[in-house]
1. Looking at the stretch 87-106, is at least one residue in contact with a Ser or Thr (Cβ under 6 Å, 6 or more places away or on another chain), of a type outside the set (V, I, T) and farther than 16 Å from Y134 by Cα?
2. Can you pull out the residues in the stretch 137-153 that are closer than 17 Å to E67 by Cα and open to solvent by 70 Å² or more (accessible area, probe 1.4 Å)?
3. What number of residues in the stretch 112-136 are free of Cβ contacts under 8 Å to residues at least 60 places away in the same chain and within 12 Å of L58 (Cβ to Cβ)?
4. Somewhere in the stretch 38-54, is a residue free of Cβ contacts under 8 Å to residues at least 12 places away in the same chain, open to solvent by 20 Å² or more (accessible area, probe 1.4 Å) and not in a helix (DSSP H, G or I)?
5. May I ask you to list pairs of residues, at least six apart or on different chains, whose Cβ atoms are under 8 Å apart, with the first in the stretch 137-153 being of a type in the set (S, T, N, Q) and the second being not in a loop (DSSP other than H, G, I, E, B)?
Amino acid sequence: MKKIFIALLLVAGSFAAEAQEQVWNTDVNKAIAISAKTKKPLLLFFTGSDWCGWCMRLQKEVFKTPEFTKWANDNVVLVELDFPRKTPQLPEIQKQNSELQQFFGIQGYPTIWLVNASTVDNKLNFEKLGSTGYVAGGPAAWIGGANDIIKKK
C-alpha cells in the first residue's frame, strides 16, 4: 500500500512540475518589451470577457487547456484586449484597447491577431501576420491554425 501511495505522489508531483502558468498581459507596451526580449510575436486577443459567448467558449475549449498554455509559453506573448460591459476597467486600458480595436478594424469578438510589434521613435509599429477567431475542434485545431499564421512570417 505504501508503494502505491508513493507512486501516486510521484506521478502527482510530475504533473505539478509540468503545469505552466499562463500570463495574459493587458498593457501592450509591457507586452512589446517582453516580445522584443523573447523574439516572440504578440497574440492579441480582442474579447468581451463578461458578455461574449464565443469568447467564453474559446477560453474554455482552447485558452484554458494545458496544450494551449504550453504552446503559448513556447511561441507567443499573450495580450488580452478586453471590452467588458459589467467589469470595471482602468481608463488608460480602455483607451489603449479602443485605439487598438480601431487600428486592427475589429468587427466582432473573439478576434485574435498575431503580430510582430516594435516601438520606433515612440510610435508603435505592428507587422500583421494574420488573424483568427473561434475554431471548432479544441486546442489542436486552434493551435494548428495559429502555427500556420506564425510560419508565414
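1. No, that holds for no residue.
2. A140, D148, listed by residue number.
3. Going through the stretch 112-136 one residue at a time, the tally reaches 2.
4. For the stretch 38-54, residues free of Cβ contacts under 8 Å to residues at least 12 places away in the same chain, open to solvent by 20 Å² or more (accessible area, probe 1.4 Å) and not in a helix (DSSP H, G or I): present.
5. N147/N75
The values are calculated or read from the model by the stated rules, or taken from the named source; none is laboratory data. All values derive from a computational prediction rather than experimental measurement. Note: ideal-geometry Cβ built from the backbone for every residue, glycine included; neighbour counts use all protein chains shown. Areas reflect the complete protein model, heavy atoms only, side chains present, ligands, DNA and RNA absent. Shrake-Rupley method; radii C 1.70, N 1.55, O 1.52, S 1.80 Å.
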